[in-house]
Amino acid sequence: MTAAKKIRLGVRANWRQFALLVVINAFVGGVVGVERSTLAPLAEHDFHLASRAAILSFLISFGLVKATSNFIAGRLADRFGRRTVLLAGWMAALPVPILIIFAPSWGWVVFANVLLGLSQGLTWSTTVNVKIDIVGPRRRGFALGMNEASGYLAVSAAAAAAGFLAATYGLRPVPYLLAEGLAGCGLLLSLLTRDTAGHVELESAGVVRTGSLRNLTTNVSFRDRTMSSACQAGLVNNLNDGMAWALLPLFFAANGLGLREIGLLAATYPAIWGAGQLFTGWFSDHAGRKALIVAGMILQ
C-alpha cells in the first residue's frame, strides 16, 4: 500500500491531529485574549493617552497586519507547508508580551501589535486550513466551528483571567507573563503537528487550477455575489469585534468599572461567540450557510 492510499479524509481518521489543532488554536486565542481587558486601560493608566485615536492605533496596526497576513497565509502554506507557517506565526508572537512589559512608550505597544497581527493571521488561518484539509468536504462547517469555538472560548477565558490578574497585581507585567506562557505552550504543541500536503493532494486530485491570484481576489471580493456577500458579512462582524475590543473597555472604565468587572464584560462577548460556534458550525453542514449568515446579520 502506498503512502497516498494510507491517507484518509475525515474527523475520525484524523482525530488526533484534529484534536491537537483545536487545542493549539485555544492558545492562539488566549494570547490575544489577554489584551482584550488590559491594553486599552494600559494606554490611559501607564501612558496617559487622552486621545481615543492614539489609543486605537494599536487596533489599527493589528488589524491591517492581520488582514495582510491572512491574505498571504494560504499561499505561504501551499508553498512552504502548513506546519512551517504555523511555527513562524508562533515565533512572531513570542516577543509581543515582552515588548509590552518593557514598553517605555506607546509606540512599542503599537509595534508589538504589528507582530501580534502577523502571528494571529498566520496561526489562526493555518489551524483553519489544516482542519479543512483533513476533514474533507462534508464536515468543513463542523471543523471551522470547532476551530472558532476553541479560539474564542480561550479569548474569553484569557480576558477574564487577565482582568483579575491586572486588578490584583497591576496591568504590567503579570497579565503579559500569562500571554508569554500561552505563546510558549502553543509553539511547543505546534512542533507535534504534521503537514497535510498529502491530504490536500488527495482531495484536489483531478482539479484544474486556473486564474491568477489577482483575478481570484477580485472575484471573491467583488464579482461573485455569494463570496462578496460573505466578505461583507465578515467585514461587519470584525468591525463589531474591534469595537468590543478597543472601545467598550474605555467606556466601562469611564463609567467607574474596575479591572475585574471590565475583564468579565470583555470575556462575555467572545464566550457567547465561541459557544455558539459549537452548534452553528455543525448545523451549517446540514442546513447550509446562508440562513445562518442572514440570521446573524439581522441580530447585528
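Worth a mention:
- Counting 0.36 nm for each residue step from I298 to T68 and taking away their Cα separation leaves a gain of 80.0 nm.
- Reachable aspartates and glutamates from K66, criterion Cα separation under 20 angstrom, eight or more residues apart if same chain: E35, D78, E148, E180, D241
- Sequence-distant aspartates and glutamates (8 or more away, or on other chains) whose Cα lies within less than 14 Å of K6: E201, E203
- Each label point was placed 7 Å from the Cα along the Cα-to-Cβ direction; for R194 and L216 their separation is 2.6 nm.
- Looking at the range 67-137, the chymotrypsin sites (Phe, Trp or Tyr not before Pro) that sit in a DSSP loop and have at most 13 other Cβ atoms within 10 Å of their own Cβ are F102.
- Two-site FRET efficiency, A275 against A19, from Cβ-Cβ distance with R₀ of 25 Å, rounded to 0.05: 0.85
- ³J(HN,Hα) computed for each position of the range 251-267 - Karplus, 6.51 cos²θ - 1.76 cosθ + 1.60, integer Hz, glycine/proline x: 5, 5, 5, 5, 9, x, 7, x, 5, 5, 5, 4, x, 5, 5, 5, 7
- Rg/Rg_globular for the chain, with Rg_globular taken as 2.2 N^0.38 Å and Rg from C-alpha atoms: 1.02
- Proximal charge balance of F142 [Cβ under 13 Å; K/R count +1, D/E count -1]: +4
- Assuming charge only on the beta carbon of Lys and Arg (+1) and of Asp and Glu (-1), the dipole of the chain about its Cα centre is about 1140 debye to the nearest 20.
A short reminder: the numbers here are calculations on the coordinates, not readings from a lab. Being a predicted model, the structure only gives us computed values, none of them experimental. So basically every Cβ, Gly included, is an ideal-geometry build from the backbone, and we count neighbours across all protein chains shown.
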